[in-house]
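Below is one structure, written out as structure tokens, with a few remarks after it.
The values are calculated or read from the model by the stated rules, or taken from the named source; none is laboratory data. Keep in mind that what you see is a predicted model, and the values were worked out from it rather than measured. As a convention, Cβ positions derive from the backbone with ideal geometry for all residues, glycine included, and neighbour counts pool all protein chains shown. Just the protein is used for accessible areas: all its heavy atoms, side chains included, with ligands, DNA and RNA removed. Shrake-Rupley method; radii C 1.70, N 1.55, O 1.52, S 1.80 Å.
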Amino acid sequence: MDYRELNLIGSTSPHLRTKAGAAHIMGEVLLALTLPLLFAVYNFGPRALTVTAVSVAGCCGFEWLYRALMKKNNTVGDLSAAVTGVLIAFVSPVTVPYWILLIGDFFAIVIVKQLYGGIGKNFLNPALAARAFMLSWAGEMSKWALPAAFGQGAAPVWGPVDAVTGPTPMSFLAENNLPELMKYYDLKDMLVGLIGGSIGEVSALLLILGGVYLIARKITTWYVPVSFIGTVAALTFLFPRGNDPMTWMLYNVLGGGLILGAFFMANDYVTSPVSHKGQVIFGVGCGLITVFIRYFGSYNEGVCYAILIMNLVVWIIDKAIRPARFGVVKAPKPKAEKAETSGKKEAGKK
């Protein structure tokens with residue numbers, strides 16, 4: 001049969017296509033973050049919702065404005081800016097001033113994302129890069145409100161914030177003060193999220209459920225989060241700094257931004273390796289750096305910087321671990337020619 005009669009269609013890769021576009025994927029991520037957001041409203045009061053809404057509006061607005069000024073097609077509808085806005089709010093304290101939040105939105109969308117070409121071309125996670133930049137105002141970014149559910153009083157939605165603040169679990173762990181931490185919060189509080197901290201990182205249980213939902217829906221894979229969390233768990237269990245290994249490990253895993261970062265940031269399509277083996281290496285690297293910063297750094301949390309550092313070496317991981325090309329067979333080394341050449345050299349010497 002003549003191949004010209006087969007009606008073959010020539011096209012560029014990828015050749016496997018699905019109906020799940022960027023908007024569908026980002027919509028699933030937003031759905032997975034809904035329960036943690038609702039819990040944040042319960043835990044910190046309605047200001048958690050307004051902070052999130054302002055952040056989403058800021059990210060979407062900056063993306064629309066930039067692309068309009070550059071006369072490019074509008075990409076707000078892919079919902080990636082909305083996801084970035086939610087994540088920036090989630091890694092911020094509920095007391096964060098709105099102007100700092102909008103500066104973070106601008107940095108994430110314009111500097112980290114759009115200046116490098118838009119969705120799919122940024123080399124850093126925009127939300128975490130924004131959080132690192134927002135730490136320029138360390139005083140405002142370090143006011144951790146205590147849970148309103150404990151009767152401490154919720155932060156006001158507008159106007160000056162005068163909420164009751166207090167230490168977070170990570171501040172106790174940084175001081176190696178596990179007994180005092182256990183007086184403030186037990187493991188049940190840590191799992192449920194009735195603790196102080198950033199808006200969206202406190203409820204480990206709901207974040208895990210959201211991450212499992214994304215994996216079950218095949219939006220993400222388990223390689224990065226399992227290797228990330230597993231590395232932190234293994235290191236903190238093996239090196240408990242004089243504390244009970246299991247208790248120390250559980251508080252380290254449930255505290256801080258580990259669960260949020262592992263499932264919703266380190267697993268980002270653009271800034272993580274493409275191969276499964278590379279994703280495991282990436283997750284292990286994030287876990288190692290997180291524990292090193294927590295143990296030896298002056299900052300009591302290492303998830304943000306661990307992921308950003310590993311984002312910068314993703315290209316090296318992808319280059320080192322290249323999948324085999326379909327249909328390509330490596331040519332065998334010409335052993336006979338080498339042996340013949342070496343024989344001739346020896347004969348020449350004689």
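Distance between the pseudo-spin-label points of Leu65 and Ala324 (7 Å out from Cα toward the beta carbon): 5.3 nm. Each peptide in 277-288, 211-222 gets a packing score, the mean of other Cβ atoms within 10 Å over its residues, and the list from highest to lowest is 277-288, 211-222.
Compared with the direct C-alpha span, the chain from Ala22 to Asp186 gains 55.1 nm at full extension, assuming 0.36 nm per residue.
Find the centroid of the Cα atoms in region 105-151 and in region 179-242, then give the distance between the two in whole Å. Using only Cα atoms to place each centre, the spacing works out to 20 Å.
For the peptides 28-36, 41-49, 254-262, 135-143, the ranking by mean Cβ contacts within 10 Å, running from highest to lowest, is 254-262, 41-49, 28-36, 135-143. Restricting to DSSP loop positions (anything but H, G, I, E, B) with no more than 12 other Cβ atoms inside 10 Å of their own Cβ, which trypsin sites (Lys or Arg not before Pro) remain in region 88-142? Qualifying residues, ordered by number: Lys121. Applying a DSSP loop filter and a limit of 15 other Cβ atoms within 10 Å to the trypsin sites (Lys or Arg not before Pro) in region 280-325 leaves Arg325. Taking the Cα centre of region 165-224 as reference, the dipole from Cβ charges on Lys and Arg (+1) and Asp and Glu (-1) amounts to some 360 debye. Taking Arg322, Arg241 and ordering them by how much accessible surface each has at a 1.4 Å probe, largest first, produces Arg322, Arg241.
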